[in-house]
Amino acid sequence: MRPLPCLALALLLASATGAIAAPALPGPAFPHYADAAAIKADCDRQLALAGTRLRALERRPADARWLGASDELSAFLDDASGPVYLVMNVHPDKSVRDAAQACVMRWQDFTSTMGLNEKLYRAALKVKPADAVDREFMKSAIEGFEDAGVGLPADKRPRAKEINDRITDLGQQFNRNVRDDTTKVPFSVEELAGVPESVWKNAPRDAEGHVLLALDYPVYFPVMERAEKASTRERMWRARSGLGGDANLKLLGEIAQLRREYARLFGFSSYADFILRRRMAENTANAQRFLDEVKAVLTERELRDIAELREAKSRHLGSPLDATRIDRWDVSFYTERVRRERYTVDQEAFRPYFPPQESLQFVMKVAEQMMGIRYARVPAKAWHDDVQAYAVSDAKTGKPLASLYVDMYPREGKYKHAAVFSYRNGSTRLNRVPQAALVVNMDRKGLSLDELETLLHEFGHALHNNLSATRHSSQAGTSVLRDFVEAPSQMLEDWVYDKKVLKLFAQVCPACKQVPDEMIDKALVARDYGKGIKEGRQHFYANFDLALHSADAPEPMALWARMEGATPLGHVEGTKGPAAFSHVAGGYAAGYYGYLWSKVVALDLRTAFNGDRLDPVVGMRYRQKVIGQGSQHPPKELVRDFLGRETNSKAFFEWLRR
């Protein structure tokens, strides 16, 4: 990380806490695993304790206290297994990551077995909830047991567990193949014409002097957006499109087939039907109908965007328009070129204004202003020296609320995307504070405006965890329905285009150059350029996901090629897009449509902040009525309580057409 001067750091801490001294980190410190053996030993110990606690719950009568005891077991499982799952994705030592993955599979065996526990299921059916919160808790618990297969005929339950465990194992292999990929693409200096020198000058070289570029976001995106040579962009794009390779295509095919078999054990023809009955969408037909409505609005805009990029390429190369085509590796380059020409907006030009450490402090300041909280950096040992730890407290009372770890920069073996790992849920009943880790891969030289938007998006997930104030830990934070979980983070994305919001940068870094208002004005106008292509791609991902989990469960690569071939930009033979589609191999299976579905809710939530996105009254109401509630109430009730009306899609479709 780029160190702050001592005075600036002291001022930063004083601004966050009102004093130079930082408080202790709320909740337990993140466990330190010295090596793979330490992971194994801790896994043995924690699983033994989990078994003891499970047997104690089995002996409990199904009275009013059973619900609390059940949640206490869930809280213990959070503490025992959550950090291990995070370590599997971020630890710099491959042997430790591998040991963590082996431990995660042991936890999978434990939880899948517990899901088939008839004693617990029968007890859950007998519990009489005290109120609406407890009813929602028990509804979710009972559905969890049923979806794990406890209600299946006895001869089918072993197969249900076997499938569950196998899918988890395959999913971990899939993610490991992407995470541990060390592909480096060689380029001559001449081939990197147009790419900022700062992106590649310190990269390693091969024996012939070629620059070896990794596929991490801080390198990949500048190459795709700035490389003048189409061949350079194509090689980089093909390399990224090949992540995971044939091995992951095979894994994904097996996962899809197993999911279909699993759904059929329960009498459903498809995994999508099985999953969506528990979501906001309620069924596959509703999800598909929504996607069709979006497509009807998107199609014209996507075709118009592509036509404009063809014109830009024709002008750039001096080629006849009718002989010019846009390839997939052209999209980012010509989109940015048009933005620079038409709106004089250059994403690279924002980097000097948004240094990474100060950008992190900025998004924290946004949350502080909106929601009445404070962040203070706290010394803490973590899995890598780059990792920072923060104590979160209530600004008015000083009450400790949560802990947040932040892992900002890319490295080999680290999770390659951006995510928040909510490894510990909170509970007011248990006086238990939540903890999460924000894992991103930002450029040490500074952030573009797009990257600042990504950081704020992920920070929305962190807030969902950190500001949860639920009675039970099982209902805390991001435990909400999958097609709602992205709404709180997507809502905040728009904040980086607000000049009043960006003025907060001066508070966290008085010495930083302030981004000129005219740059933001232009970026705001340019923001929607290319929306048709961008949202069209999201729509394609969602449709592919639903089709993969349909009754046919088709072979992934053949399905991808056919569906992508029907899009305006077509399919590129030899590429292996599904091999790196980690969402569909994991928890977003039959649920990727949720990104667009959540966006409908997110844009409706934004309407409450019209005129002042930092309004502390609205911000506190949002904290208390939406993200503080976790899954204590259904999402539609949370949104209605916050907005004072039923949610609707008006803002979303207005945005889509804009």
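The values are calculated or read from the model by the stated rules, or taken from the named source; none is laboratory data. Since the model is a prediction, treat every value here as computed from it, not as a measurement. Because the Cβ atoms are built from the backbone with ideal geometry, glycine has one as well, and the counts that use them run over all protein chains shown.
Being farther than 29 Å from Ser74 by Cβ, free of Cβ contacts under 8 Å to residues at least 40 places away in the same chain and either assigned by TED's automatic domain parsing to the domain that holds Gln514 or of a type in the set (Val, Ile, Thr) (or both) is true for just one of Asp385, Asp394. Which residue is that?
Details: Asp394 fails: farther than 29 Å from Ser74 by Cβ.
Every option except Asp385 fails the conditions.
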- Qualifying residue in the range 69-92 (condition: over 30 Å from the mean Cα position of the chain (by Cα) and part of a helix (DSSP H, G or I)): yes
- Item | Residue that is closer than 30 Å to Thr428 by Cβ, in a helix (DSSP H, G or I) and at pLDDT 95 or above, where the choices are Val96, Val104, Val150 | Val104
- Message: Only one of Lys184, Lys201 is loosely packed, with under 13 Cβ neighbours inside 10 Å, out of contact with any Ser or Thr (no Cβ under 9 Å at 6 or more places or on another chain) and not polar (S, T, N, Q). Can you tell me which?
- Response: Lys201
- Query: Among the residues of the range 380-398, which ones are over 24 Å from the mean Cα position of the chain (by Cα), modelled with pLDDT of 95 or more and not in a strand (DSSP E or B)?
  - Reply: Ala395, Lys396, Thr397, Gly398
- When restricted to Ala312, Ala323, the only residue modelled with pLDDT of 95 or more, small (Gly, Ala, Ser), in contact with a Phe, Trp or Tyr (Cβ under 8 Å, 6 or more places away or on another chain) and not assigned by TED's automatic domain parsing to the domain that holds Val525 is Ala312
- Every listed condition ((1) in contact with a Pro (Cβ under 6 Å, 6 or more places away or on another chain); (2) of a type in the set (A, V, I, L, M); (3) part of a loop (DSSP other than H, G, I, E, B)) holds for Met138 save (3)
- Candidate set: the range 109-135, residues that are of a type in the set (D, E, K, R) and in a loop (DSSP other than H, G, I, E, B); chosen: the one farthest from the chain's Cα centre (by Cα): Lys128
- Quick count over the range 619-658, residues being closer than 21 Å to Asn465 by Cα, in contact with a helix residue (DSSP H, G or I) (Cβ under 8 Å, 6 or more places away or on another chain), without any contact (Cβ under 8 Å) to a residue 24 or more places away in the chain and of a type outside the set (Lys, Arg), is 2
- What helices (runs of 4 or more DSSP H) completely inside the range 563-658 contain at least 1 residues that are assigned by TED's automatic domain parsing to the domain that holds Asp483 and under 24 Å from Trp495 (Cα atoms)? 594-606, 616-625, 635-643, 650-657
- Message: Looking at Arg55 and the list (1) surrounded by 20 or more Cβ atoms within 10 Å (Cβ to Cβ); (2) without any contact (Cβ under 8 Å) to a residue 24 or more places away in the chain, which single condition is not satisfied?
- Response: (1)
- Restricting attention to the range 484-502, which residues are more than 14 Å from Leu452 (Cβ to Cβ) and part of a loop (DSSP other than H, G, I, E, B)? Phe484, Val485, Glu486
- Note on the structure: Out of (1) more than 22 Å from Leu303 (Cα to Cα); (2) in a helix (DSSP H, G or I), the one Ile533 does not meet is (1)
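How many of the residues in the range 243-272 are assigned to a helix (DSSP H, G or I), in contact (Cβ under 8 Å) with a residue 40 or more places away in the chain and of a type outside the set (Val, Ile, Thr)?
Matching residues across the range 243-272 total 19.
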- Scanning the range 599-658 for residues that are of a type in the set (Gly, Ala, Ser) and exposed (fewer than 15 other Cβ atoms within 10 Å of the Cβ), which turns out modelled with the lowest pLDDT? Gly611
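Take Thr470 and tell me if it is buried (at least 21 other Cβ atoms within 10 Å of the Cβ) and at pLDDT 95 or above.
yes
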- Conditions (1) in contact with a Gly (Cβ under 6 Å, 6 or more places away or on another chain); (2) farther than 30 Å from Arg304 by Cβ; (3) surrounded by fewer than 20 Cβ atoms within 10 Å (Cβ to Cβ): number failed by Ala558: (1)
- Message: Checking Leu212 against (1) outside any loop (DSSP other than H, G, I, E, B); (2) under 28 Å from the mean Cα position of the chain (by Cα), only one condition comes out false. Which one?
- Response: (2)
- Message: When you scan the range 95-111, do you find a residue that is out of contact with any strand residue (DSSP E or B) (no Cβ under 7 Å at 6 or more places or on another chain), farther than 27 Å from Ser403 by Cα and free of Cβ contacts under 8 Å to residues at least 60 places away in the same chain, even just one?
- Response: yes
- Identify all residues within the range 399-446 that are assigned to a loop (DSSP other than H, G, I, E, B), of a type in the set (D, E, K, R) and in contact (Cβ under 8 Å) with a residue 40 or more places away in the chain; write none if there are none. Arg411, Glu412, Lys414, Lys416, Arg429, Asp443, Arg444, Lys445
- Query: Scanning the range 102-142 for residues that are closer than 30 Å to Ala37 by Cα and aliphatic (A, V, I, L, M), which turns out surrounded by the fewest Cβ atoms within 10 Å (Cβ to Cβ)?
  - Reply: Met105
- Residue count for the range 153-200, restricted to those that are assigned to a loop (DSSP other than H, G, I, E, B) and either over 27 Å from Arg122 (Cβ atoms) or among the β-branched types (Val, Ile, Thr) (or both): 11
